[in-house]
Amino acid sequence: MPETADVMGMSDLSEFEQVQILRDPVSGARAVVALHDTRMGPAFGGIRRWNYPDLSAATADVLRLARAMTYKCALAGLPAGGGKTVLLDDGHLDRRRAYEFVGDFVEQFGGRYFSGPDVGTTDADLRVVSARTRFSVDPDRDGFAGIADSTAQGVFEALVATVRVVGLEVAGAKVLVQGLGSVGMRLCGRLAAAGAVLLVADVDAERCAAARRDFDATPVAVDEVLTTACDVLAPCALGGLLSADAARVVACNAVCGAANNVLVDAAAGLELHRRQIPCAPDFVANAGGLIHGATLQLTGALPPEGRLGEIGATLTGLYEQSRALDLPPMEVAEREARRLLQAVPARPWLPARRGC
Ligand code: NAI
């Protein structure tokens, strides 16, 4: 029985084109790489470095994340598919060597998989990866530095579409941004410029102070994010904010942010839907960075003006379907992604052969 068999049903595993469990013989570093679906084009997906309790947990995470990348590409209209790498870090990792090892492995795909940042992977790590492979986001290459800004712009477009569903405009809407990192802080800048009333929460008090100074934002305690009344809750920290219990009590009228996996499970989405709280599917709302990076990699140019605005239009369509079908937006988005995938030929993407 393969090591991953117990982490998902075999029927789920059979969706994946390739899943590999790796161990670097030099450093002992362990990684899991998953290519979910490359029928639409090469797989895109970052490297997550995390202290997983065991290999099963790491594998479950990489499968979930790689599939979400496929859905994200499909709904963003990109000729690309989904992949992901997780690097297990128990605190004793030889970090430089581990990223070199991952970079060498990514290179072996010959362009079928393109890696980049995710939780735990910094620009410094990406420089190590990029020194070993041509197929990674390189923070020093022209254009790639703007990825977080494109993510924030995409979330902003998604938020514009989301507030309209509850009969508001961004100007004057009370938006609570949880997490003031590279995306959250940029989102605050855009929201403030558009006239939103900002509430902010971050475990780092200095970031809250900066948002107060720069955007006239009102800080909220991190453990009061769910209970603070607002028009839109914008989760831009880590995932897992909304369980079904949290969805029963959350004091916002809508949810739209950058964080992946905000909903703990489908029950949380159902609960929000029951309460008529629209919740933007994360893989639609946060696709701006992917659109930026994948377009740059695939075409050599940045996305054209207005491309990120399509996120708002996609979301508006999903909300309409959600109402018509009486289903949570997340479920509608997943169905739509699967429908788009069914329409493509059942051939994985392979790099063009060189020479004769
Ligand atoms: P980041 O690491 O730069 O910022 C995260 C922020 O959240 C930090 O300021 C941190 O102090 C804060 N934080 C952590 N735990 C918190 C808590 N319990 N309460 C309040 N604040 C907390 O991350 P980044 O790049 O801004 O990403 C934010 C989210 O968006 C992540 O979930 C990421 O996976 C997702 N995302 C990011 C993309 C990007 O382009 N950077 C693309 C797509 C998704």
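The values are calculated or read from the model by the stated rules, or taken from the named source; none is laboratory data. Because the structure is predicted, anything quoted here is derived from the model rather than measured. Methodologically, a virtual Cβ is constructed for each residue, glycine included, from the backbone with ideal geometry; neighbour enumeration extends over all protein chains shown.
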At least 1 residues that are of a type in the set (K, R) and within 15 Å of the ligand (Cβ to nearest atom) in each: list the helices (runs of 4 or more DSSP H) lying fully within the stretch 53-157 that qualify. 55-75
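May I ask you to say which residue of P304, P328, P281, P235 is over 27 Å from G181 (Cα atoms) and touching a helix residue (DSSP H, G or I) at 6+ places or on another chain (Cβ under 9 Å)? First the steps, then the outcome.
Working: P304 fails: over 27 Å from G181 (Cα atoms); P281 fails: over 27 Å from G181 (Cα atoms); P235 fails: over 27 Å from G181 (Cα atoms).
Going through P304, P328, P281, P235 in turn, just one is over 27 Å from G181 (Cα atoms) and touching a helix residue (DSSP H, G or I) at 6+ places or on another chain (Cβ under 9 Å): P328.
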Need the failing condition index for G103 against (1) crowded, with 19+ Cβ neighbours inside 10 Å; (2) in contact (Cβ under 8 Å) with a residue 40 or more places away in the chain, just the number. (2)
Output the residue which, of all residues in the stretch 225-258 that are crowded, with 22+ Cβ neighbours inside 10 Å, among the hydrophobic types (A, V, I, L, M, F, W, C) and in a loop (DSSP other than H, G, I, E, B), is farthest from the ligand (Cβ to nearest atom). V250
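Quick one: which residue in L298, L318 is surrounded by fewer than 20 Cβ atoms within 10 Å (Cβ to Cβ) and either within 27 Å of F144 (Cβ to Cβ) or of a type outside the set (K, R) (or both)? Step through it out loud before you land on a result.
Working: L318 fails: surrounded by fewer than 20 Cβ atoms within 10 Å (Cβ to Cβ).
None of the others qualify; the one that does is L298.
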Look at C188 and say whether it is surrounded by fewer than 24 Cβ atoms within 10 Å (Cβ to Cβ) and either more than 13 Å from the ligand (Cβ to nearest atom) or more than 19 Å from P329 (Cβ to Cβ) (or both). no
Please enumerate the residues belonging to the stretch 124-143 that are surrounded by 14 or more Cβ atoms within 10 Å (Cβ to Cβ) and either farther than 21 Å from T299 by Cα or out of contact with any strand residue (DSSP E or B) (no Cβ under 6 Å at 6 or more places or on another chain) (or both). D125, L126, R127, V128, V129, R132, T133, V137, D138, P139, G143
Return the total of residues in the stretch 278-294 being out of contact with any strand residue (DSSP E or B) (no Cβ under 6 Å at 6 or more places or on another chain) and either more than 14 Å from the ligand (Cβ to nearest atom) or within 14 Å of D231 (Cβ to Cβ) (or both). 1
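Go through A171, A210 for me and flag whichever is surrounded by fewer than 24 Cβ atoms within 10 Å (Cβ to Cβ), in contact (Cβ under 8 Å) with a residue 12 or more places away in the chain, farther than 30 Å from S322 by Cα and among the small types (G, A, S).
Numbers: A171 fails: farther than 30 Å from S322 by Cα.
On inspection, the qualifying residue turns out to be A210.
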State whether one or more residues within the stretch 193-212 are touching a Phe, Trp or Tyr at 6+ places or on another chain (Cβ under 8 Å), more than 11 Å from the ligand (Cβ to nearest atom) and not in a strand (DSSP E or B). yes
How many residues does the stretch 120-134 hold that are under 13 Å from E107 (Cβ atoms) and in contact (Cβ under 8 Å) with a residue 60 or more places away in the chain? 1
V220 vs. criteria within 16 Å of the ligand (Cβ to nearest atom), closer than 27 Å to T121 by Cα and touching a strand residue (DSSP E or B) at 6+ places or on another chain (Cβ under 9 Å): no
State all residues of the stretch 158-178 that are in contact with a helix residue (DSSP H, G or I) (Cβ under 9 Å, 6 or more places away or on another chain) and either within 12 Å of the ligand (Cβ to nearest atom) or not in a loop (DSSP other than H, G, I, E, B) (or both); if no residue qualifies, say none. A158, L159, V160, A161, T162, R164, V165, V175, V177, Q178
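When you check G240 against the structure, is it of a type in the set (G, A, S), under 23 Å from G181 (Cβ atoms) and modelled with pLDDT of 95 or more, yes or no? Walk me through how you get there before you give the answer.
On the way: of a type in the set (G, A, S): yes; under 23 Å from G181 (Cβ atoms): yes; modelled with pLDDT of 95 or more: no.
Criteria not met by G240.
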Residues satisfying the stated conditions in the stretch 54-66, i.e. within 14 Å of L13 (Cα to Cα) and surrounded by fewer than 23 Cβ atoms within 10 Å (Cβ to Cβ): S56, A60, D61, R64
